[in-house]
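Taken together, the values in this text are just the output of simple stated rules run on the coordinates, not laboratory data. The structure presented is a predicted model; accordingly, all values stated were derived computationally and were not measured. For neighbour counting, all protein chains shown are included, and Cβ atoms are generated from backbone atoms with ideal geometry for every residue, glycine included.
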Amino acid sequence: MNAVRRVPPVVWLAIAAAILRAQTFGNPVIEFDEQYYLLVGERMLDGVLPYVDIWDRKPIGLFSMFAAFAWIGGLFGGDGLLTSQIGGLVAAVAAAELIRRMALHGGASGVPAIMGGLAYVIWLNLAQGEGTQASVLYTPLVVGAAFLVQRCGHRLLRDGALAMGLIGLAIQLKYTVGLEGLFFGLWLMALGHRRGWSSSRVLGAAALWALVAFLPTLVAMALYAQLGALDAFVFANFQSQFLRVPDELSVMGEDLLGSMAILLLPLILLLATIRREDLRLRRFEWQWLAVALAAILIVGAYSPHYFIPLFAPLFVVLAPAFERWRKLGAAMLVLGVVAGQYLLHHYEETKGGRAEALAMVEAIGEVPNCLYVHDGFPALYRLSGSCLPSPFAFPGSLNMANEADALGVDSRREVERIFAARPDAVVTDLPAYNRGNRVTRAIVQRELAAHYKLALRLKTGSDRYRLVYRRRD
């Protein structure tokens, strides 16, 4: 028993996280976004320039991280898939450990603090965070910044600079982190004021902290300016964000209901905590939770993975509740584990996994004139070794209605151009995506009927088919 107690809590968190995520290791088609991040990272090693040769609106820091995963994987004779999944595991454990430490600093005792960290790892599986979503990778940076702000000592200027440096790195993984960074900066300014700093000293420190936070993005912009591609960088990273049409209210409501179902038990515990706790005693943690929620609501997309940034402040705040209602908290965690493992199995059954992806690659065959994935797994480009028929290789860019005017090109003309190059294989799904671009879909259907034959009709789940077409000639 003493030997068990001597094992650092972070080790137990790491073991738990590895077990909870074990189903996903080696699966190249977990979530569509992270499939694409790895594709971009791998192609960067071949000299492809994001936003110019391959397009997306995520920050360059995210793609650079996946390029590093691919490079490390190559050193060991493989690709970046397992390396990136290990990176996601490490990020989840690091965030869980920081949550535990913040809970301890906020007054929770040892076991409830561990339960708070463990809850974070468990709930990732419920919210499509079982792999390498951007929010999984940047959360330890944000929690690290929060930890520094929470326990700022007499070296406020230095600790504040370190915290905002972490925020700056996190911003280069996803820009929405900026709102939490603004909150941390304002809190640091308030701390300086309460410690008797003059107004000029507070403003000077704030300017330094802001510069540190913006520095990684400024460096990225400077590099693109040197490459003569600053316009492409600015359009993809900033301007295109405002050209994308928001989802309809009915779609938002449907996504929000699903996300609220995942958060139901923690929210019930949170409401009980609000009734029993003096919120002024942990003002920073509660305000951080409110700001994280505001950042999600502002984005206007409510699929489960958009709520991952809420989990860290949520479980920091809930850690004392695990002490007050320990049995209830333990039951909640057990239920979360069971539900999470079921969902991982269910997603692979309904979307497909490694076996289905490899079957599709076999049907795709040789593609000297490229593969075109109109709707389906972006990972098929890397698994088949295909060239890219378009910079807009993420299927959603050309097949979603709300992206039609947000790409900087005419999506109809781009799909026409792709088919004019006579791609050897085309991948699409059945039934067609209900939020799809009807114009580009009609072009695809016309070309498939005229020049292609069905090579594979692969059923995944009860009502989903993955279709692979080969060019007849």
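Compute the semi-axes of the equivalent ellipsoid of the stretch 261-396, taking the square root of 5 times each eigenvalue of the Cα gyration tensor, and list them largest first in whole Å.
After scaling each eigenvalue by five and taking roots: 43, 19, 10 Å.
Using the per-residue mean of other Cβ atoms lying within 10 Å as a proxy for protection, in what order, highest first, do the peptides 372-382, 386-396 fall?
Working: 372-382: 24.5, 386-396: 21.2.
Result, highest mean Cβ count within 10 Å first: 372-382, 386-396.
With the cut-off at 29 Å, tell me which of the pairs 174/327; 174/351; 351/453 have Cα atoms farther apart than that. Intermediate results must be reported in sequence, preceding the final value.
Values: 174/327 37 Å; 174/351 26 Å; 351/453 23 Å.
Check vs 29 Å cut-off fails for 174/327.
Excluding residues on the same chain fewer than 8 positions from residue 459, give the aspartates and glutamates whose Cα lies under 20 Å from its Cα.
31, 348, 349, 356, 362, 375, 429
Run the numbers for residue 279 and residue 72: contour at 0.36 nm per residue of separation, minus the present Cα-Cα distance, in nm.
Numbers: separation 207, 0.36 × 207 = 74.52 nm, distance 4.55 nm.
Using 0.36 nm per residue and subtracting the Cα-Cα distance, I get 70.0 nm.
Place the peptides 292-298, 18-24 in order of packing, highest mean first, counting for every residue the other Cβ atoms within 10 Å and averaging per peptide.
Values: 292-298: 15.4, 18-24: 17.4.
My ranking of the peptides, most packed first, is 18-24, 292-298.
So how compact is the chain: Cα radius of gyration and Dmax in angstrom?
For the chain, the Cα radius of gyration and maximum Cα-Cα distance read 23.4, 78 Å.
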